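The values are calculated or read from the model by the stated rules, or taken from the named source; none is laboratory data. Not measured: the values here are computed from a predicted model. Here the Cβ is made from the backbone with ideal geometry for all residues, glycine too, and neighbour counts use every protein chain on show. Accessible surface areas use protein heavy atoms only, side chains included; no ligands, DNA or RNA. Shrake-Rupley method; radii C 1.70, N 1.55, O 1.52, S 1.80 Å.
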Amino acid sequence: MEQNLILLYTLFAPLVGAMLLLFLPKEKEGLIRAFGIGVSLITFFLSLAAWSMFDASKAEFQLQQQFLWLSRYNISFHIGADGLSMIMVLLTTFLTTLTLWTSWSGIAKKVKEFTFFMLILEVGMLGVFVSVDLFLFYVFWEAMLIPMYFIIGIWGGEQRIYASIKFFIYTMAGSLLMLVAIIWLFMYAYNDVHMYTSNINDLYKIGPKIPFEIQKWLFLAFTISFAIKVPLFPFHTWLPDAHVQAPTAGSVILAGVLLKMGTYGLLRFSIPLFPQSAHYFAPAISTLAVIGIIYGALVAMVQTDMKKLVAYSSVAHLGFVVLGIFALTPESVQGAIIQMVNHGLSTGALFILVGAIYERTHTREIDAYGGIAPIVPVYSTLLLIVSLSSIGLPGLNGFIGEFLILIGAFKSPVLNNWMFSIVAASGVIFAAVYLLWMYQRVVFGPVKNEGLRALKDVTAREFTIVALLLVFIVWIGVYPATFMKITEASTAKLIKETLTTLSIRY
Amino acid sequence: MNQIPFIPIALIILVLPLIGFFFTLLFGKKIKQMYLFETGIITTALGLSIYMAFMKLMYYANEKIVSELTWIDLGSTKAFGKISVDLGMMIDNVTVLMLFVVCLISTLVHLFSIEYMKGDKRYNRYFSYLGIFTFSMLGIVFTHNMLMMYIFWELVGLSSYLLIGFWFEKKSASDASKKAFVVNRVGDFGMLAGILILFANYHTFTFDKVFAQISQGVLPFNSEFWLTAMGILLFCGAIGKSAQFPLHVWLPDAMEGPTPVSALIHAATMVAAGVYLTVRIFPLLTGDALLFIATIGAISSFIPATIALTQNDIKKVLAYSTISQLGYMVMALGVGAYAYGFFHLVTHAFFKAGLFLGSGSVIHAMHHEQDIRQMGGLKKKLPITYTTFLIFSLAISGIPLTSGFLSKDGILASAYAFGNLTGYKIFAISGFLVALMTAFYMFRLLILTFHGEPRNEEKYHHAHESPALMTMPLVLLAILSIFAFYTINPLSAQTGWVLKDWLKTPASVVPEHARYSFMVQKHDEKPEAAVKHEEAVAEKPAAESEHTIIHSEEYTEALHHAHYPAMFLSLAVAGLGILFAFIMYFWRKINADKLADSVKPLYKFSLNKWYFDEFYDFAFVNGTLLLSRFLAWFDSTIVDGIVNGSAVVTRQLSKLSGLFDTYVVDGLVNLSATLSGLLGIFTRKFQTGKVQTYIIMVVFSLVALLFILMNYGI
């Protein structure tokens, strides 16, 4: 096996950082913040280094590291990255850095604890994306809940306790189903090949051989767990609460990375492990996805709280991703992956902007605003561009993802029904309605109240953060090839193997 | 092949306005003169486009120049083949004509705006928006594929959004901009669906490649129905952008934007994009699709014309007139008059931009008064504006010697011929009625604004002719509204170079029996055009085939027979319309108010725009909001209710098990403790501490043990 430690360094850099952080004095908040940003920045550069060593033309796991962990059961600490992992790792390290930087003003109390949890959270998220061992994946998957629970529960809004517990228990309930399925799968594998294995690549060969009647249940156990995380309609109600109560940093990470773990799981486990069941359930799941697109958009339309509006827009956007995944065509899956990144960037930027104005006025009620464009022109411009990206305006990132997904889903041999795509496409109308309506009510018109006249425009820090996100929003919109290259080979492999198993000619 | 680097020039023209946009946006606040930079850039683009159009039309009129590159490459694997998305440019005669129109009007609007917008607090930002609009529009002009069309289509929608809402402090303006964007998106949804069908079946977005496949008999989902549906869906984009019925409601509201913007975007160029799109997809439209398009066009030309009769806002009249004229173009394409449809786009762009800029000049002079009831007698105060406005009005009414006569007459003749050929005479009838109404409402507007006595003395008193930067574009556009630029014969456009040499109807690619019958070339016929074409083919074999004239001799003949009746009829109705306008508003022989009173329901219906807005508000806006509110309630009460409910149930269950634990499980434990306690109390009795008692117990025990052993044991 190739000896390349870069992925290991990337994974553990934030952990080491978090440990070192414990030695810093609590009072020196500036130092702690800077340290946190520094660690996450180093992690980001490490992930860039990993990308540079990554060979995008290969579909298999690269940069692997394996240490035997529970030798009795042949469970090992086994990490590696294929294209899908790689792009998610990059997204995670990038967003974590920006979020820590955003929190410079947003988090006022217990800075040390906050930074600590953020770094631990980063370890958990990275771990999920680089695990090649099923048990290791599950450990990270669960471990990551804990820091998030504290981030919402300690630094959140008024109903933070309710929201954090709801988040924790809802996802936990899903995870337990998955755990049962994992153990079942593990034992089945043992009976099949007379050797314990939890290596994903081995399981890929075993999963499709499971009798359909059983496989169906395993698929559902995995998929429901992921669907809660995504969240797929109707498992989405934890999301608005969590988003509204979470601090800006929590919302950004939640939307940017955590939700992607669900869709990542679908791509990594649900489909390749249980292709027959995925095929069987694809129309049902796609139906839920399409309902989510329309439903999320309609519910978003009448929200009065900006964060809640953005939260429901996430339900709609993730609906597109799930549709793309289960359509199982190269276009739609590539589109879904790029849409995962897009949603992280655009929704992240939206949360940062909403958070920025919340810090100034302490309200997120749309009605409290109006006519702020002349007062905060830069802010208004940034908000417009980000909203347009979320609407899916061509030239910006959202369009690429949605368009590829729609094209793929339209001609998908798995779904075999073009109605999914057409109904989903009508979502583009509603997205324009709810975002432009919010924008109009907040930014346009006469100045709503005199208090707003004292609003300060974005600070240099806020501007830089959003501008950094905008760089990628435009980059993906104009030249997505840079990022689509990363996942091209692994996507092709996934689809080819799945469709071959299903003997669908394509 | 050709010496002129068309593609690089085209790229420069495309990118220039984008550069203008970025720099003007970035430095506009610091540097006051950025608007000059933006204007300079557009003027440069105009210069290049004139050069390009001239070279193309003079020396390469029969060639089509195409260049493409791969944008998104999804790899090429054995299993799936090559999957990629190409971007590309195409330059043919239609492109360069449209290019010239867009660049010219954009430049004139820039110049006009320098004066018109003076003193606005976001002056430079306005110019930067004009820049991004021009960029997006040029993207549509140059594209050779449906995807890029869609991309720039949306960008045009964005720039329109920004410009309509330019004075966003006004609620009406920000409402209008949102409405425009959303209504356009409804049309775009159809267009997107069409694109999905297109790509799913042909694996390419490129027009020519799709046409080639269709002509080889490859149909979407193997059915002609889907070919028709695809055409209609793609056309839905045009319904939105060109404000056709039933999506026309956004355009009158869009008049909230600055007036030069209305001239550029909502009269001459952007709204014409829909027609341009239809021109581009023309070859794949089946007879049924064309009939649908013609119907939409006819309705869209008729309804707004009836509304324009009664409006009192100078810009609203022009807005409804724009929809009506766009309807003409669309109807022309629908009845197969490809060349006249596009020709009317060009002539209309000039005179309608002129009308809007003229109205801008009036509004400027009247200190932002738009109500024609407050005007009157402005002829003396604004002589240049008046003269040019008169020329434009004559052109739109279709009076000979103007450009409008040439194109409009062509459309009416085509509709007339179409009626004779197919029996659908309704298009011609509607067309002539609209011509009547157009002449009437235009001259009503002209008379009420410029003639008679001033009705608002104070405003009249302050009015003055606009500065040269504003009148110069008017004069230029008026000159372009004269026939001589298009043909030598003022009565027939067909002999002119535009129609004879430049605009050639492309060959239809749909299966012959799905076309209009007159579009099917009978094999033994050899009309003049086809013969000429064959000669050309002999010289240049391959590249030419798309320039075939598709219409049969039957059609040419019908058009020929329609020419004079249509011309006289259209002259008659135009004259009649103008006459009525003079009788009612100039000589005042008929009291307009009394007439309105006598047909009050009709008058109100027209004044209130057929109640479209009210109906849409009721049916769609409120309907959607109601649905949304219901779903939001459903979400928080039912969906989340289940989640919270299961939490409550779990909690109650755990309380219950808590009780069970306390009283049953723990109760048992405690019970056993109590029991053993009781047992202890009982047995304590035996623990007397006296040796005698113990000995007795031992003896009894031994006896009992022996007894048991003897009986049961050994």
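So which residues in segment A:345-400 are more than 23 Å from residue B:27 (Cβ to Cβ), part of a loop (DSSP other than H, G, I, E, B) and touching an Asp or Glu at 6+ places or on another chain (Cβ under 6 Å), if there are any at all?
Passing the criteria: A:364, A:392, A:393, A:394.
Residues of segment A:108-118 being open to solvent by less than 10 Å² (accessible area, probe 1.4 Å) and out of contact with any Leu (no Cβ under 7 Å at 6 or more places or on another chain), which ones?
Listed by number, the residues that qualify are A:111, A:114.
Could you check segment A:484-506 and list, in sequence order, the residues that are more than 11 Å from chain B (Cβ to nearest Cβ) and either under 19 Å from the mean Cα position of the chain (by Cα) or more than 20 Å from residue A:270 (Cβ to Cβ) (or both)?
Hits for segment A:484-506 are A:486, A:490.
Since residue B:244 meets every condition but one in (1) open to solvent by less than 10 Å² (accessible area, probe 1.4 Å); (2) within 12 Å of another protein chain (Cβ to nearest Cβ), which condition does it not meet?
Result: residue B:244 fails condition (2) only.
Just give me the residues in segment A:178-203 being among the aromatic types (Phe, Trp, Tyr), open to solvent by 40 Å² or more (accessible area, probe 1.4 Å) and closer than 16 Å to residue A:274 by Cβ, in sequence order.
A:184, A:188, listed by residue number.
Matching residues to (1) surrounded by 19 or more Cβ atoms within 10 Å (Cβ to Cβ); (2) polar (S, T, N, Q); (3) farther than 29 Å from residue B:59 by Cα:
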site: B:4; (1), (2), (3): no, no, no
site: B:9; (1), (2), (3): no, no, no
site: B:12; (1), (2), (3): no, no, no
site: B:15; (1), (2), (3): no, no, no
site: B:18; (1), (2), (3): no, no, yes
site: B:21; (1), (2), (3): yes, no, yes
site: B:30; (1), (2), (3): no, no, yes
site: B:34; (1), (2), (3): yes, no, yes
site: B:39; (1), (2), (3): yes, yes, yes
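Of the residues A:472, A:444, which single one is open to solvent by 40 Å² or more (accessible area, probe 1.4 Å) and touching a residue at least 60 places away in the same chain (Cβ under 8 Å)?
Values: A:444 fails: open to solvent by 40 Å² or more (accessible area, probe 1.4 Å).
Among A:472, A:444, only A:472 is open to solvent by 40 Å² or more (accessible area, probe 1.4 Å) and touching a residue at least 60 places away in the same chain (Cβ under 8 Å).
Identify all residues within segment B:491-501 that are outside any loop (DSSP other than H, G, I, E, B) and crowded, with 20+ Cβ neighbours inside 10 Å; write none if there are none.
Initial filter on segment B:491-501 (outside any loop (DSSP other than H, G, I, E, B)): B:497-501.
Within segment B:491-501, B:498, B:499 meet the criteria.
Would you point out which residue out of B:153, B:167 is open to solvent by 20 Å² or more (accessible area, probe 1.4 Å), hydrophobic (A, V, I, L, M, F, W, C) and either more than 7 Å from every other protein chain (Cβ to nearest Cβ) or within 23 Å of residue A:375 (Cα to Cα) (or both)?
Criteria check complete, one pass: B:167.
Residue check: is residue A:163 under 21 Å from the mean Cα position of the chain (by Cα), more than 20 Å from residue A:253 (Cα to Cα) and within 14 Å of another protein chain (Cβ to nearest Cβ)? Before you say what the answer is, go through the steps one by one.
Values: under 21 Å from the mean Cα position of the chain (by Cα): yes; more than 20 Å from residue A:253 (Cα to Cα): no; within 14 Å of another protein chain (Cβ to nearest Cβ): yes.
Considered against the rule, which asks whether it is under 21 Å from the mean Cα position of the chain (by Cα), more than 20 Å from residue A:253 (Cα to Cα) and within 14 Å of another protein chain (Cβ to nearest Cβ), residue A:163 comes out as no.
Kindly provide the set of residues from segment B:594-630 that are away from every other protein chain (no Cβ under 12 Å), surrounded by 13 or more Cβ atoms within 10 Å (Cβ to Cβ) and farther than 24 Å from residue B:243 by Cβ, ordered by number.
Within segment B:594-630, just B:596 meets the criteria.
Right, residue B:506: at pLDDT 75 or above and surrounded by 18 or more Cβ atoms within 10 Å (Cβ to Cβ) or not?
yes
Give me a count of the residues in segment A:358-373 that are farther than 18 Å from residue A:437 by Cα and either in contact with a Ser or Thr (Cβ under 6 Å, 6 or more places away or on another chain) or in contact (Cβ under 8 Å) with a residue 12 or more places away in the chain (or both).
The total comes to 4.
When you scan segment A:431-463, how many residues do you find that are in contact with a helix residue (DSSP H, G or I) (Cβ under 6 Å, 6 or more places away or on another chain), within 8 Å of chain B (Cβ to nearest Cβ), among the hydrophobic types (A, V, I, L, M, F, W, C) and assigned to a helix (DSSP H, G or I)?
Qualifying residue count for the region: 4.
With the requirement that a residue be open to solvent by 10 Å² or more (accessible area, probe 1.4 Å), under 24 Å from residue A:217 (Cβ atoms) and away from every other protein chain (no Cβ under 11 Å), what does segment A:278-307 give you?
Residues satisfying the conditions are A:279, A:280, A:281, A:283, A:284, A:285, A:287, A:288.
Got at least one residue in segment B:105-122 being within 14 Å of chain A (Cβ to nearest Cβ), within 27 Å of the chain's Cα centre (by Cα) and under 28 Å from residue B:262 (Cβ atoms)? Even if it seems obvious, please write down each step before you answer.
Within segment B:105-122, the subset within 14 Å of chain A (Cβ to nearest Cβ) is B:120-122.
Cutting the leftovers down to within 27 Å of the chain's Cα centre (by Cα) gives us B:122.
This time we only want the ones that are under 28 Å from residue B:262 (Cβ atoms), so: B:122.
Within segment B:105-122 (the criterion being within 14 Å of chain A (Cβ to nearest Cβ), within 27 Å of the chain's Cα centre (by Cα) and under 28 Å from residue B:262 (Cβ atoms)), the answer is yes, since at least one residue qualifies.
Just checking, does segment B:128-149 include any residue being within 9 Å of another protein chain (Cβ to nearest Cβ), under 12 Å from the mean Cα position of the chain (by Cα) and not charged (D, E, K, R)?
no
Sort out which residues of segment B:551-585 are among the aromatic types (Phe, Trp, Tyr), within 27 Å of residue B:503 (Cα to Cα) and crowded, with 17+ Cβ neighbours inside 10 Å, and write them in order of number.
Selection gives B:555 alone.
Given the structure, is residue A:458 over 23 Å from the mean Cα position of the chain (by Cα), among the β-branched types (Val, Ile, Thr) and under 21 Å from residue A:294 (Cα atoms)?
no
Counting only residues that are surrounded by fewer than 16 Cβ atoms within 10 Å (Cβ to Cβ) and either assigned to a loop (DSSP other than H, G, I, E, B) or among the polar types (S, T, N, Q) (or both), how many does segment A:25-50 have?
4
Against the definition (closer than 30 Å to residue A:277 by Cβ, β-branched (Val, Ile, Thr), touching a residue at least 60 places away in the same chain (Cβ under 8 Å) and within 13 Å of chain B (Cβ to nearest Cβ)), how does residue A:322 come out, yes or no?
no
Would you call residue A:83 surrounded by 21 or more Cβ atoms within 10 Å (Cβ to Cβ) and closer than 21 Å to residue A:265 by Cβ?
So residue A:83 fits the description; yes.
Tell me, which helices (runs of 4 or more DSSP H) lie completely within segment A:183-277 with 3 or more residues that are on the phi < 0 side of the Ramachandran plot and within 14 Å of another protein chain (Cβ to nearest Cβ)?
A:212-229, A:238-245
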